[in-house]
Amino acid sequence: MPNSQFVVSPAWLFEHLKDPQVVIVDCRFSLADPQLGQQHYQTSHIEGSYYLDLNQDLSSPVGKHGGRHPLPNPNDIANKLAAIGVNYQKTLVVAYDDSRFAFAARLWWLLRYLGHEQVAVLDGGFAGWQKAGYSVTNIIPPPRMGAFVAQVQTEKAVDFTAVKSRQDSHGVVLVDSRESDRYRGEREPIDKIAGHIPGAVNYPWQEVTDSNGYLLPQEEQRRRWEKLETSEEILVYCGSGVTACVNLLSLELAGISKGKLYPGSWSDWISYL
C-alpha cells in the first residue's frame with residue numbers, strides 16, 4: 001500500500017535517497033536482545049539512514065509507573081531529530097524496521113504526537129528493500145543540521161487516569177493490540193500479571209500486515225475497523241505502548257482519526273494493581 005501519505009514503497013524511497021527533504025530512520029530493535037538492532041544497523045542499512053533506538057531514543061527511563069517504554073522527553077527527542085537533519089514540519093521522515101512496523105510505527109506515531117505530520121513508514125521494511133534489489137551499506141552518515149521544536153499534541157495520548165475514568169463511557173472503545181493469547185491471559189512472556197484491561201476488545205497488531213511485513217490493502221484496513229467506525233473515541237494499548245502504534249497507523253489508513261495511544265499500556269496499568 002504505497003499510495004498513502006503514511007506509507008512509501010521501496011521504489012519511491014530509492015528515487016528519493018538523495019532528496020535533502022527526506023531523512024531515513026532505521027528503527028530495527030529486538031525486545032529479547034536490545035543491542036541487536038544497532039548491531040544490524042552498523043552491519044548494513046539503507047544508504048543515508050540514521051539509527052534511533054527504542055530504549056535509548058524513542059523512550060524515557062522506566063519508573064514506578066509509566067510502563068516499560070515511557071514516552072521520551074519531548075525536548076530530548078527533538079534535539080536528536082534535529083541532529084539527523086529533521087526540520088520541523090518540512091522534512092519527510094521515512095521510518096523502517098524488520099518487525100512488521102512494530103518499531104517504525106512507534107516513531108511514526110511519536111513524530112505526529114510532537115506535531116510533525118511529515119512522516120511515513122517503508123512498506124515491507126528492510127527485507128522488502130532488499131527483496132526489491134536495492135543495495136545496502138555499512139557507512140554511517142554524518143550528522144546533519146536540522147531545526148526541530150516539538151509542539152506536543154496532548155490529545156493524541158491518554159494516561160492511566162483517563163483510561164480508568166473513560167473505559168466504561170458510552171462511545172469509547174478500548175483496544176488491546178497484543179496477540180490473542182496474551183489478551184486472554186493464557187500466556188504472558190514479559191509482564192508480571194497476565195490478562196487485559198476490563199472491557200477491552202482485541203485487535204492483534206500483526207493483522208495490519210501480511211507475513212512479509214507489507215501493509216494489507218486500504219479496503220482491508222477499513223473492513224478491519226468497521227465495527228468501531230462510529231465510536232467517538234478509540235483508546236489503543238498493547239504491552240508498553242509500542243506495537244499499539246501499528247494499530248493506530250492502521251486506523252489512519254482506514255480513514256479513522258479517533259485513535260489515541262495509552263503509552264503506558266498494560267505494563268503501566270498493572271503497576272497500579
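The values are calculated or read from the model by the stated rules, or taken from the named source; none is laboratory data. Being a predicted model, the structure only gives us computed values, none of them experimental. Here the Cβ positions follow ideal geometry from the backbone for every residue, glycine too, while neighbour counts run over all protein chains shown. To get the accessible areas, we keep the full protein, side chains included, count just its heavy atoms, and leave off ligands, DNA and RNA. Shrake-Rupley method; radii C 1.70, N 1.55, O 1.52, S 1.80 Å.
Results, tabulated for the structure shown:
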{"read-out": "From Leu31, Leu17, residue being in a loop (DSSP other than H, G, I, E, B), open to solvent by 30 Å² or more (accessible area, probe 1.4 Å) and farther than 19 Å from Asn87 by Cα", "value": "Leu31"}
{"read-out": "Output for the stretch 173-196, where each listed residue is among the hydrophobic types (A, V, I, L, M, F, W, C) and surrounded by fewer than 20 Cβ atoms within 10 Å (Cβ to Cβ)", "value": "Ile190, Ile193, Ala194"}
{"read-out": "So Asp57, is it closer than 17 Å to Trp109 by Cα and either in contact with a Leu (Cβ under 7 Å, 6 or more places away or on another chain) or open to solvent by less than 10 Å² (accessible area, probe 1.4 Å) (or both)", "value": "no"}
{"read-out": "Some residue of the stretch 245-254 being touching a His at 6+ places or on another chain (Cβ under 9 Å) and at pLDDT 95 or above", "value": "no"}
{"read-out": "Conditions (1) touching an Asp or Glu at 6+ places or on another chain (Cβ under 9 Å); (2) not in a loop (DSSP other than H, G, I, E, B): number failed by Thr161", "value": "(1)"}
{"read-out": "Hits in the stretch 81-105 - residues which are over 16 Å from Tyr51 (Cβ atoms) and in a strand (DSSP E or B)", "value": "Leu92"}
{"read-out": "Elements of type helices (runs of 4 or more DSSP H) contained in the stretch 172-261, each with 2 or more residues being of a type in the set (A, V, I, L, M, F, W, C), touching a Pro at 6+ places or on another chain (Cβ under 7 Å) and under 21 Å from Leu122 (Cα atoms)", "value": "none"}
{"read-out": "Where a residue in the stretch 57-75 is free of Cβ contacts under 8 Å to residues at least 12 places away in the same chain and assigned to a loop (DSSP other than H, G, I, E, B) and its partner, wherever it lies, is open to solvent by less than 70 Å² (accessible area, probe 1.4 Å) and not polar (S, T, N, Q), with Cβ under 9 Å and at least six apart", "value": "Pro61/Pro70; Val62/Arg68; Val62/His69; Val62/Pro70; Gly63/Pro70"}
